[in-house]
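The values are calculated or read from the model by the stated rules, or taken from the named source; none is laboratory data. Everything quoted here is computed from the prediction, not taken from an experiment. With ideal geometry, Cβ positions are generated from the backbone for all residues, glycine too; neighbour counts draw on all protein chains shown. Note: accessible area is taken over every heavy atom of the protein model, side chains too, but ligands, DNA and RNA are not part of it. Shrake-Rupley method; radii C 1.70, N 1.55, O 1.52, S 1.80 Å.
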Amino acid sequence: LTVGVSRTPLQKNVSLASPTKIELTCKLEENSNLKNPQVTWKRGSETISHTNKTQNSWTIQLTISDSSQLGSYSCILKGEVEVSATFHLQVPHIEGKEKPIITYEGDLAVMVCKTEYVPVAWTWYMTNGTELVAINPSSHTNKFQFKRQSANVNRLEILKLTKEDNGIYWCEAAFRLGSSKRRFELRVLSIMAPLKPFVAVVAEVVILVTTIALYEVYSKRKEK
Amino acid sequence: MQAKDSNPPDGGYGWVVVVSAFVVMGLTVAVLKTFGLFFVEIQQHFDEHASTTSWITSITIAVFHLGAPVASSLCVQYTHRTVVITGGLLAFSGMALGFFGLNMVWMYATTGFLQGLGISFSWTPAISIVSHYFSKKRALANAIASAGECAFAFTFGPFFQWLISQYGWKGALLIIGGIQLNICVCGALMRPLASSCLEASHCKTETTPGSSASWRDKEDKSPIMHKTFNWMLVRRPEFVLYAIFGILAAMSFFVPPLFLVPLSYSLGIDESWTASLLSILAMVDFGGRLLCGWYANLHVTKTIHLLAMTITLISTSLMLLPLANNYLSLAIFTGFYGFFFGTTVAIHITVLADVVGMPEFDSALGLFMLIRSTGGFVGPPLAGLIVDMAGDYRAGFYMAGATLVLSAGFLGILDRLQQRKKRGSKIRTKPEKTTLPYPSLHLLEHQ
């Protein structure tokens, strides 16, 4: 992975799912102000010695074998000015719906989690007060259904919704290097919620149509 | 004293009709345009592919076009008002039943078919009745009515998003269905013009030719032939030329909105700025429609010439658009395109009325919509093919521009034909003072 160094601080996110060897390279732009800078690679306060240096690029090699080795690694170039670039090594993120999911009583709720890499395991949690309780699919087959759409997409369906199903749910994808979570908010409304504005609009239409019809009959009678 | 179709009020109650048509346009086309917001929700809920979900809109658009001729023939037999009210009820039922969201096929039937039929039965008569109510100010009236689409589309975007965030997609559909029920209110306002031929008994007493008393009524008499759906229009070269123009124009019209967003992304413009491009498009579209209506109302230029000019200007903007390389230039060219698109839409129905004449206008409108739809179906896939071959979205814009230039050519041929016929009729009869070229020829045939 190479990052061209220029004035603004650069960041790059790197998703790692399983233990791997990785090379991080910082490369200096051709027409940069810095000439022969002093380069250090750091992770936090710890300095790492770089394993490879060419004319204008500096590389470190890392072996990531567990989650403690994930984090932010920076290359710092000191010369007349100081520039740096940071690689954030992390577990893959989960993509899912950010906005609250709105459903109705008796209906079906759908939550979908998607990742870049295939996780080792998927787990879904619901919140009971402040605790996370894992959802066991086999014990509530007519309430919760898990559908594995593909290896990296997982889908939770909650059937026969009631007001109690309102709340926060979590989907967790476990990778060898750690796990990542995504939060979903489920709101269960009663049917009355949309019905009120609906009935209001229909009432308005009926009133207007009747008024117009009556007005026309009245003006026709007036003409005669 | 009720207004007659042969002597339209050109104002007065006509403006009420224009306002109600404005609202109908908004509640039909603008809803269709904004339906895309429901896509992802519906797709995820039913666990379907994007292509399967997009069939909903395809069905709506297809039924809309196929229903147009049916709607216009129903207009002639029953009144415009009845058909619009029916349309409103159908559209409402489509959305309201969509609320139950049983499965994808249910959505196809409700938000697809019923909604499409409802929109078709509402839109077609609304457009048509405005032309019936006006003659001298027809261009302005049509332009104002068509602007409704832009005005509503502009507000529906954020409004629908808010509805979905408050009530979920199902609840939002229900409420939108209720809002669409207001189409019936608009329909109630569309008082039919007392054309003496809509009552069959009147017509039969006026079939004796030659009497001076029925000289004026001969104009009203022609509707007898067109009480039912009129395929004879296809025999008229003017209509055929205009229909071909319609196909080519439709082929190009759907392309720029499709490719503007990907082109914008490929230039490195981010989501919110791209969304603002679409807002710019809607705003200048609105302005273009109103301005064109006002200008056409001055009767300085013939409507068909005006249409040819606007088409040329759109194709110029489209040919220039690919030159844009940053947000500002893209926004400017998009603005030009949107503005001239608005002017074209505002005037093209008035030109149809001028081409075929009012007695046959209803059937012509329906048939024109049906024929034009083929262009709308062919255009996007063809453009997609060209873009894939060229590997660049700009090719799509060049194709759209070229198609429009071709369509302008047909307008030119049509204009020549009309001028030749006019010269021919001037030699043979005294010219009658009417705004439509046809009645003088009809009188000729009956001698």
| note | Checked segment A:67-101 for anything within 14 Å of another protein chain (Cβ to nearest Cβ) and open to solvent by less than 20 Å² (accessible area, probe 1.4 Å); matches are A:Ile101
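Do you know which residues across segment A:137-164 are part of a helix (DSSP H, G or I) and polar (S, T, N, Q)?
In the first step, residues of segment A:137-164 are kept if they are part of a helix (DSSP H, G or I); the result is A:137-140, A:163-164.
A:Ser138, A:Ser139, listed by residue number.
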| task | Find all pairs meeting these conditions: Cβ atoms under 8 angstrom apart; at least six residues apart or on different chains; first residue within segment A:79-99 and in contact (Cβ under 8 Å) with a residue 60 or more places away in the chain; second residue among the aromatic types (Phe, Trp, Tyr). | result | A:Thr86/A:Tyr73; A:Phe87/A:Tyr73; A:Leu89/A:Tyr73; A:Val91/A:Phe175; A:Pro92/A:Tyr117; A:Pro92/A:Phe175; A:Gly96/A:Phe184; A:Lys97/A:Phe184
| said: When the residues of segment B:242-263 are narrowed to those that are within 14 Å of B:Gly401 (Cα to Cα) and in contact with a Pro (Cβ under 7 Å, 6 or more places away or on another chain), which ends up surrounded by the most Cβ atoms within 10 Å (Cβ to Cβ)? | reply: B:Val255
| Residue that is surrounded by the most Cβ atoms within 10 Å (Cβ to Cβ) [pool: residues in segment B:292-304 that are touching a helix residue (DSSP H, G or I) at 6+ places or on another chain (Cβ under 7 Å) and of a type outside the set (Ser, Thr, Tyr)] | B:Cys292
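Tell me, please, whether a residue that is more than 30 Å from A:Gln149 (Cα to Cα) and in a strand (DSSP E or B) can be found in segment A:87-108. Reasoning before the result, please.
Looking only at segment A:87-108, we keep the residues that are more than 30 Å from A:Gln149 (Cα to Cα), and these are A:87.
Still in the list and also in a strand (DSSP E or B): A:87.
Within segment A:87-108 (the criterion being more than 30 Å from A:Gln149 (Cα to Cα) and in a strand (DSSP E or B)), the answer is yes, since at least one residue qualifies.
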| Quick check, is B:Ile61 surrounded by fewer than 24 Cβ atoms within 10 Å (Cβ to Cβ) and either among the aromatic types (Phe, Trp, Tyr) or in contact (Cβ under 8 Å) with a residue 40 or more places away in the chain (or both)? | yes
| request: With respect to A:Val133, determine if the residue is in contact with an Asp or Glu (Cβ under 6 Å, 6 or more places away or on another chain), among the β-branched types (Val, Ile, Thr), part of a strand (DSSP E or B) and outside the structural domain of A:Leu16 (by the TED database). | output: no
| task | Filter segment A:176-214 for residues that are out of contact with any strand residue (DSSP E or B) (no Cβ under 6 Å at 6 or more places or on another chain), within 21 Å of A:Tyr125 (Cβ to Cβ) and either within 11 Å of chain B (Cβ to nearest Cβ) or hydrophobic (A, V, I, L, M, F, W, C) (or both) and give the result. | result | A:Leu177
| task | Can you run down the residue pairs with Cβ atoms below 9 Å, 6 or more apart or on separate chains, where the first is in segment B:155-167 and under 15 Å from B:Ile179 (Cβ atoms) and within 12 Å of chain A (Cβ to nearest Cβ) and the partner is open to solvent by 80 Å² or more (accessible area, probe 1.4 Å) and not in a helix (DSSP H, G or I)? | result | B:Ile164/A:Lys99
| If A:Trp58 satisfies every condition in (1) touching a residue at least 24 places away in the same chain (Cβ under 8 Å); (2) not in a strand (DSSP E or B) but one, which is the exception? | (2)
| query | When A:Lys181 is evaluated against the numbered criteria (1) closer than 25 Å to B:Ile85 by Cβ; (2) open to solvent by 70 Å² or more (accessible area, probe 1.4 Å), which criterion, by number, is the only one it fails? | reply | (1)
| request: Answer yes or no: is there a residue in segment B:1-10 that is open to solvent by less than 40 Å² (accessible area, probe 1.4 Å) and part of a helix (DSSP H, G or I). | output: no
| message | I'm checking my understanding of the structure. Among residues of segment B:118-139 that are among the hydrophobic types (A, V, I, L, M, F, W, C) and under 15 Å from the mean Cα position of the chain (by Cα), which one is farthest from B:Phe64 (Cα to Cα)? | response | B:Ala139
| query | Among the numbered criteria (1) surrounded by fewer than 22 Cβ atoms within 10 Å (Cβ to Cβ); (2) not in a loop (DSSP other than H, G, I, E, B), which single criterion is violated by B:Asn325? | reply | (2)
| query | A:His140 is checked against (1) within 12 Å of another protein chain (Cβ to nearest Cβ); (2) free of Cβ contacts under 8 Å to residues at least 60 places away in the same chain; (3) open to solvent by 40 Å² or more (accessible area, probe 1.4 Å) and fails just one. What number does that condition carry? | reply | (1)
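Regarding B:Thr82, is this residue within 14 Å of chain A (Cβ to nearest Cβ) and open to solvent by 20 Å² or more (accessible area, probe 1.4 Å)? If you could, list the steps in order and put the result at the bottom.
Values: within 14 Å of chain A (Cβ to nearest Cβ): yes; open to solvent by 20 Å² or more (accessible area, probe 1.4 Å): yes.
Judged against the criteria, B:Thr82 is a match.
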| said: I need a count of the residues in segment A:215-224 that are loosely packed, with under 11 Cβ neighbours inside 10 Å and facing chain B (nearest Cβ under 9 Å). | reply: 1
| request: Determine, yes or no, whether A:Asn128 is without any contact (Cβ under 8 Å) to a residue 24 or more places away in the chain and either within 30 Å of B:Ser20 (Cα to Cα) or surrounded by 11 or more Cβ atoms within 10 Å (Cβ to Cβ) (or both). | output: no
| message | Please go through segment B:64-78 and give me each residue that is of a type outside the set (A, V, I, L, M), free of Cβ contacts under 8 Å to residues at least 60 places away in the same chain and open to solvent by 40 Å² or more (accessible area, probe 1.4 Å), ordered by number. | response | B:Tyr78
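Conditions tested, residue by residue: (1) within 13 Å of chain A (Cβ to nearest Cβ); (2) farther than 24 Å from B:Lys136 by Cβ.
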residue	(1), (2)
B:Gly12	no, no
B:Ser20	yes, no
B:Thr28	no, yes
B:Thr52	no, yes
B:Ala71	no, yes
B:Asn103	yes, yes
